[in-house]
Amino acid sequence: MSQPTSRRDLLKAAAIGAVAIAPGLTLIAPAAARPLGTGASAANRWGLLIDTSKCDAGCTACVDACKTEMGLTGHDRPLTDSQYIRKVDVTDPASGHRHSLPVMCQHCAKPPCVDVCPTGASMKRADGIVLVDRHICIGCRYCMMACPYKARSFIHEDQSGQKPDNPRGKGCVESCTLCAHRIDAGGQPACVESCAKDGRAAMLFGDLNDPNSEISRRVSTEATSRIRADLGVEPAIRYQGI
Amino acid sequence: MKRVQYLAIPAWTPGWMMVMAALAVIIAIAGGAVLYMEHQGHWVTGMTNQVVWGMPHVFAIFLIVAASGALNVASIGSVFGREPYQPLGRLSALMAMALLAGGLGVLVLDLGRPDRLVVAITHFNVKSIFAWNVILYSGFFAVVGFYLWAMIDWRMKRAYKPAAITAFLWRLILTTGTGSIFGFLLARDAYNAAVMAPLFIAMSFAFGLALFILFILGATTALNRPLSMELVRRKGRLLGLFVAANLYFVAIQHVTALYMADRVAVETFLLLQGGLYTALFWGGQVLLGALVPLILVFRPNASRCRVRAASVLVVLGGIAQIYVILIGGQAFPLTLFPGMEVSSSFQDGLVAAYAPTAAEILLGLGGFALALLIAVIGASALRILPASLGDGDEATAEIILAEGDPVAAP
Amino acid sequence: MNMLRAVMLALLLGLAFVASPVATAQAGEAGPSFPKAQGSCVDDPATMRRHHFDFLTHQRDDTLRAGIRGAKYSLKECVTCHASTAANGKPVPVNAPGQFCQSCHAYAAVTIDCFSCHATTPQTAEAKP
Ligand code: SF4
Ligand code: SF4
């Protein structure tokens, strides 16, 4: 009988300790590199918080950084070139109020692209990152029909000069990976990094499952929303000021 | 019940060879178009990141939908016991399989990675309605193939009725599955509706029967086999019924959508301001594809020529209908921010322009040619077509006449 | 019976054909020639020669779908060691004629699907995160 009590006490002490350290921890980089050989874990839910009041139509730092990071050189064909992230300018016709915000794959918790994919190429990692497994994508484009955010692109021609971290080739569908390769190495997405450095510091990356992360703290204390929240697909990308 | 004589189409006659050669040429051209598109990549087609499914899919969906409809004649004869339809059951089953093969061929050859087709079989996502369709399609071949066997082989007589019922149910599920490919797309304002499934069933009835009538008219003329005018008229009226049903569901589709405030924009686009899509809807689908054929077939004593014209119009109207649903629905921009005006480098908020290229259309026509080729070869190898579709005493006399024909032919 | 014998014979011939390139390469005879890599491989060459595709296929699923990084058989690492450097200091793609992957695959008449998507030269320093 005495043993469980002491264990509970121990846990309590540990919890208090965690709270005490937490404020300090949240100021450091969002994640530590996952040990090699371990997989993505459901304990994490990576997400973004984008403050559109800071973002403006003149800035494309995030878009440019994405193109460089992912090797999206394009062929000067705007209708068929891939875009993982794009700047959308929104105008309220009633008031004339304008704002601008980046839109990318929203890494839905209930992703329609994954539901419809016939082969299971569209998939969600344990940590909520939605990816296309290009090894088994047959290029049917059903996921593009299903995605409510127009987040996906089809590769319309042969590619060369790919980045080692973003293999991509003709005939498959692709979209934002949330820079899974960087996250796995303990970093943050290229767009977020460049938004802080060259942009307006409007993007925040972090773990929505970790109550002590800055993103969780802000999401729980400030008003945030998601694009087309009414569809119920539960995106991991949150916005302020839309 | 009178005994029905079936005769294979005499093969290797000059006419037969000509038809075969023509079809083979069309298929070869379509094959060339596929090689070109696959080698270059899809940027040489009209399809883009906005309109991801284009003309090949219009043809493919039309053929797949028509396939299950073509089976109707057999079902009416066997499941519902209508005797006049029974002689046509074999052809009906054969055409169903041929059309499905044509449609699937087009669909598969437009994949980004057709070389990975085997992946579609080895990797299976149980949640995907698309993957379910893979099962439904392959099952359709098995079920209808067995049904056809049961019809041809008298030793299989006992299996005939159960096979017929299975095939009938299967085709209903199949078309529901095809319709649901659209119905489940919650993001697209033009599609996400339960009425898509019954609408597709009504469409399949009409398109399948229209193609069936055209084949019968063509085959009996080419083979010089008798065809009762009464049967043609009866089929014409049935076609009218299906066309009316299709029109009814189209009306439901649009009227219910108009009642939903968030759908008004896309409906206004399709029905009033969509340019080509609006024109195709009212002119192609409703007027030429439905109203004119209705008048043609329901006029008393409709002639063979009228029924043929009605069938052709139903086919063309059907292609227009699928074009409006498929391309029109994609051309209308996704709504990311309801009530707002949006613009971006990725065509947000813009109506997408789509113009099919020749290669896409050729691929689609290749699907039609493939279906017809399979149907003709099937009817040449097996006893599919009745020797006579005449009526009364005339018919029996004609059977003898017709039976003489193929022997004399080569 | 004749049919069966014919099939067996065909199978045997096929086996001999498939086995021959590996055998000759091991014997160090007329096999394909390619630039030598620096350092030693993650596994012994005979095993790699026979099973590299299985290793890579298995690990690609672990990496992509489960997010496991840093495992033993990485295509990226293959390319890092096996891409040679041209006279002008630029790396040569591993799937260029005569290079490591291509020379052997050409010899064995097996097409490589990897490099329609994967990078064929090592990660350059400035591209690293
Ligand atoms: S935004 Fe689109 S592509 Fe991304 S997870 Fe959601 S449905 Fe899939
Ligand atoms: S295009 Fe690829 S990822 Fe998208 S639904 Fe088809 S197979 Fe899945």
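The values are calculated or read from the model by the stated rules, or taken from the named source; none is laboratory data. Remember, it's a predicted structure, so these values are computed and weren't measured experimentally. Cβ atoms come from the backbone with ideal geometry, glycine included; neighbour counts cover every protein chain shown. Side chains included, ligands, DNA and RNA excluded: accessible areas come from the protein's heavy atoms. Shrake-Rupley method; radii C 1.70, N 1.55, O 1.52, S 1.80 Å.
Numerical summary
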{"item": "Extreme residue, surrounded by the most Cβ atoms within 10 Å (Cβ to Cβ), among residues of region A:124-152 that are within 10 Å of ligand 1 (Cβ to nearest atom) and closer than 21 Å to B:Asp115 by Cα", "result": "A:Cys143"}
{"item": "Search result, residues across region A:210-239 that are within 14 Å of ligand 1 (Cβ to nearest atom) and touching a residue at least 40 places away in the same chain (Cβ under 8 Å)", "result": "A:Arg226, A:Ile227, A:Arg228, A:Leu231, A:Gly232, A:Val233, A:Glu234, A:Pro235, A:Ala236, A:Ile237, A:Arg238, A:Tyr239"}
{"item": "Residues of region A:194-218 satisfying the condition of being away from every other protein chain (no Cβ under 12 Å), of a type in the set (Gly, Ala, Ser) and open to solvent by less than 40 Å² (accessible area, probe 1.4 Å)", "result": "A:Gly199, A:Ala202, A:Gly206, A:Ser213, A:Ser216"}
{"item": "Some residue of region A:65-76 being within 16 Å of ligand 2 (Cβ to nearest atom) and either part of a loop (DSSP other than H, G, I, E, B) or of a type in the set (Ser, Thr, Tyr) (or both)", "result": "no"}
{"item": "Any hit, region B:207-218, residues being β-branched (Val, Ile, Thr), within 14 Å of another protein chain (Cβ to nearest Cβ) and more than 13 Å from the chain's Cα centre (by Cα)", "result": "no"}
{"item": "Search result, residues across region B:123-136 that are out of contact with any Leu (no Cβ under 6 Å at 6 or more places or on another chain) and either in contact (Cβ under 8 Å) with a residue 60 or more places away in the chain or away from ligand 2 (no atom under 13 Å from the Cβ) (or both)", "result": "B:Val126, B:Trp132, B:Ile135"}
{"item": "Any strands (runs of 3 or more DSSP E) falling wholly within region A:98-193 and containing at least 3 residues that are within 14 Å of chain B (Cβ to nearest Cβ)", "result": "A:98-104, A:122-124"}
{"item": "Criterion violated by A:Val114 - all others in (1) hydrophobic (A, V, I, L, M, F, W, C); (2) open to solvent by 20 Å² or more (accessible area, probe 1.4 Å); (3) without any contact (Cβ under 8 Å) to a residue 12 or more places away in the chain satisfied", "result": "(3)"}
{"item": "Any hit, region A:220-228, residues being facing another protein chain (nearest Cβ under 10 Å), in a loop (DSSP other than H, G, I, E, B) and among the charged types (D, E, K, R)", "result": "yes"}
{"item": "Failed condition for A:Ile183, given (1) touching a helix residue (DSSP H, G or I) at 6+ places or on another chain (Cβ under 9 Å); (2) farther than 24 Å from B:Tyr191 by Cβ; (3) open to solvent by less than 20 Å² (accessible area, probe 1.4 Å)", "result": "(1)"}
{"item": "Helices (runs of 4 or more DSSP H) within region B:292-392 that include 3 or more residues open to solvent by less than 20 Å² (accessible area, probe 1.4 Å)", "result": "B:304-323, B:358-381"}
{"item": "Filter result for B:Leu239 (crowded, with 21+ Cβ neighbours inside 10 Å and under 30 Å from B:Ala387 (Cα atoms))", "result": "yes"}
{"item": "Residue, nearest to the other protein chains (Cβ to nearest Cβ), within region B:163-203, restricted to residues that are of a type outside the set (A, V, I, L, M, F, W, C) and closer than 20 Å to B:Leu104 by Cβ", "result": "B:Ser180"}
{"item": "Any hit, region A:180-191, residues being within 11 Å of ligand 2 (Cβ to nearest atom) and either modelled with pLDDT of 95 or more or in contact with a Cys (Cβ under 9 Å, 6 or more places away or on another chain) (or both)", "result": "no"}
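Condition check ((1) more than 16 Å from B:Met47 (Cβ to Cβ); (2) modelled with pLDDT of 95 or more; (3) more than 11 Å from ligand 2 (Cβ to nearest atom)) across all residues:
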{"position": "A:Ala109", "(1), (2), (3)": "yes, yes, yes"}
{"position": "A:Asp115", "(1), (2), (3)": "yes, no, no"}
{"position": "A:Leu131", "(1), (2), (3)": "yes, yes, no"}
{"position": "A:Gly139", "(1), (2), (3)": "no, yes, no"}
{"position": "A:Arg152", "(1), (2), (3)": "no, yes, no"}
{"position": "A:Gly161", "(1), (2), (3)": "yes, no, yes"}
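Listed here are the residues, each with its yes/no results for (1) modelled with pLDDT of 50 or more; (2) not basic (Lys, Arg).
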residue	(1), (2)
C:Thr24	no, yes
C:Lys36	yes, no
C:Ser40	yes, yes
C:Asp54	yes, yes
